[in-house]
Amino acid sequence: MGAVTRIHGLRNTVGTLYMDNCNMFLIQVQNAANANRDLRAEDDAVDEAVEYIVKELNPLAFFVVDANTGLIYVVMDKNISSAAELQTRIRNM
């Protein structure tokens, strides 16, 4: 049987986000005038903005901020590697 080498490191520092098996992104939905969209009015019926974005991205998990910020937090599989890719997919909808 081979020897086990224990590696000590700082992979558990408070205030640091580690994404070992997923990527996490913050999406900010704005209108053409760069004003944040209030997504509270866009999640109470079928096929509104939040649902379209979730259907397009198919995140592992998501959270929509309950305020006039336009913010959606998404947890994506490792196959989505860049914010630019998400931005392109959302803008093409």
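The values are calculated or read from the model by the stated rules, or taken from the named source; none is laboratory data. Model, not experiment: these values are computed from the prediction. With ideal geometry, Cβ positions are generated from the backbone for all residues, glycine too; neighbour counts draw on all protein chains shown. With ligands, DNA and RNA removed, areas are computed over all heavy atoms of the protein, side chains included. Shrake-Rupley method; radii C 1.70, N 1.55, O 1.52, S 1.80 Å.
Miscellaneous remarks
- Residue list for segment 31-66, filter: under 17 Å from the mean Cα position of the chain (by Cα) and small (G, A, S): A49, A61
- Hits in segment 41-61 (condition: touching a residue at least 12 places away in the same chain (Cβ under 8 Å) and open to solvent by 60 Å² or more (accessible area, probe 1.4 Å)): D43, Y52, E56, L60
- Residue count for segment 66-85, restricted to those that are farther than 15 Å from A49 by Cβ and in contact with a strand residue (DSSP E or B) (Cβ under 7 Å, 6 or more places away or on another chain): 8
- Scanning segment 62-92 for residues that are β-branched (V, I, T) and surrounded by 13 or more Cβ atoms within 10 Å (Cβ to Cβ), we see that the one that is modelled with the lowest pLDDT is I80.
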